[in-house]
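Structure first, then comments.
Every number in this text was worked out from the coordinates using simple rules, so none of it is lab data. What you are looking at is a predicted structure, and each value in this text was computed from that prediction instead of being measured. Here the Cβ positions follow ideal geometry from the backbone for every residue, glycine too, while neighbour counts run over all protein chains shown.
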Amino acid sequence: MRLAVFLTPRHALRLAPAAERLGLEYALAPEGFRGDGVSVLGAAAAVTSRLTLASGLLQAPARSPVLTALTALTLDELSGGRFELGLGVSAADVARGWYAADLRRPLAWLREYVEVVRCALSGAPVRYAGEHWRLPPDDPDGTAAVAQLRAFEPRPELPILLGGVGPRALELAGAIADGWIGAFCSPERISWALDHVRIGRSRAGASLDGFRVLPSIPIGVGPDAESAAVALRPYYANFLALGRGTGVYAGVATDMGYGEQVQRVHRLVAAGDRAGAAAAVPLDLIRRTALLGDAHSIGARMSEYAAAGVTILGLTLLAADFDDQVDVLRTAAQALDLAQGVSR
């Protein structure tokens, strides 16, 4: 198992090379309310030389599949071949509210989207006639240009990773992608998710060999779990309240047995009491889905994630100060060494 760090605009120019020096192998940039992932990755490419850089995740409704392919090829060029493309459809309310995209069949839409992206990455002319995507569109007068990304070497093998929470989304990732990026994952949920990913892999005639399993796991360092969780509480409260308390992450937490607490968090956020909402997040939920404590306890938890099938453990840092973030990464690197029996 390898370590990754999720980058946001704040501190990214310093944090990416610091992560590289500490021996991390991946850096990802999310997209949405935490910032524009493409800008962050372009900046990170300029200040690193070994880190694999991945979008985690680009919100597919925000851009056409041809533009996504062009963005991927550009980032791959800027990074010297170190880029991997992570994609997701985002939540339905975000797709509608931010991008005016009404995705009635989001997984069928995403399947076609990925097919168009792969065609564009191959360097071939993009001619696609699907249910959700038609490129070029119906063009009676023949004036629409056929997209072909000639400025770059073809990269049909560029890895594509998909986000997903539900069984059908996980099966789709297994069938058409090179990896899966997850969130709000306990080791038990990783095992459950991979059961569905395997179904998709089987349909595609493939195994899990080489398939990236990359959950985003919040990490808090401290002498004990309770103190380490303090910095994580606002993050959890924010995610649980998305979609007015009925979003995908609220659903995951509800499935884990925290439905009543999720609704309380939502009510407090809706009332403007974000401090109260953070305090209302169950410590047990954070324990099950985060890395908490010192290097030894975090290393033990890393071993559980590795045993569940994680290949790349994505660290979500919630410390605000740059030096504190580096200290957290240093502890994580030490924890992984302990988990793997490595001495440095």
**Request:** Normalise the Cα radius of gyration of the chain by 2.2 N^0.38 Å (N = residues in it) and let me know the number.
**Result:** 0.99
**Message:** Tell me which of Val47, Pro106, Gly142 sits at the most positive position along the dipole axis of segment 1-145, charges placed on C-beta atoms (Lys, Arg +1; Asp, Glu -1).
**Reply:** Val47
**Prompt:** ³J(HN,Hα) across segment 297-313 via Karplus (A = 6.51, B = -1.76, C = 1.60, θ = phi - 60°), whole Hz, x for Gly/Pro?
**Reply:** 5, 5, x, 5, 5, 4, 4, 5, 5, 4, 5, 6, x, 5, 9, 9, 9
**Fill in**
The answer for Ile219, listing residues at least 5 apart or on another chain whose modeled amide H is closer than 5 Å to its amide H, is Leu291, Thr316, Leu318
**Message:** How far apart, in nanometres, would the label points at Ser227 and Asp327 be if each is projected 7 angstrom from Cα along the Cα-to-Cβ direction?
**Reply:** 1.1 nm
**Prompt:** Can you pull out the GluC sites (Glu not before Pro) in segment 104-178 that DSSP calls coil and that have at most 15 other Cβ atoms within 10 Å?
**Reply:** Glu131, Glu157
**Request:** Apply the Karplus parameterisation 6.51 cos²θ - 1.76 cosθ + 1.60, with θ equal to phi minus 60°, to every residue of segment 135-140 and state each ³J(HN,Hα) to the nearest whole Hz, in sequence, with x for glycine and proline.
**Result:** 10, x, x, 3, 9, x
**Complete:** Nearest 10, in degrees from 0 to 90: the angle of helix 37-47 to the longest Cα principal axis of the chain is 80 degrees
**In degrees, nearest ten, helix 65-78 long axis to first principal axis of the chain (Cα)** = 70 degrees
**Relative contact order (%) - the chain, alpha-carbon pairs under 8 angstrom, separation at least six** = 16 percent
**Request:** Could you let me know the centre-to-centre spacing of segment 148-187 and segment 283-344, using Cα atoms, in angstrom?
**Result:** 24 Å
**Request:** Search the structure for amide H atoms under 5 Å from the amide H of Leu28, placed 1.01 Å from N in the peptide plane, and list their residues when 5 or more places away or on another chain.
**Result:** Val5, Phe6, Leu7, Ala54
**Asked** Roughly what angle does helix 167-176 make with the longest principal axis of the chain, taking Cα atoms, 0 to 90 degrees, to the nearest 10?
**Response** 50 degrees
**Asked** What nm distance separates the two modelled labels at Trp98 and Asp273, each placed 7 Å from Cα along Cα→Cβ?
**Response** 2.9 nm
**Fill in**
The alpha-carbon center of segment 20-63 and that of segment 104-144 are separated, in whole Å, by 26 Å
**Prompt:** Which percent of Cα pairs goes in each bin when the distances of segment 15-75 are cut into 10 angstrom slices starting at zero?
**Reply:** 23, 52, 22, 3
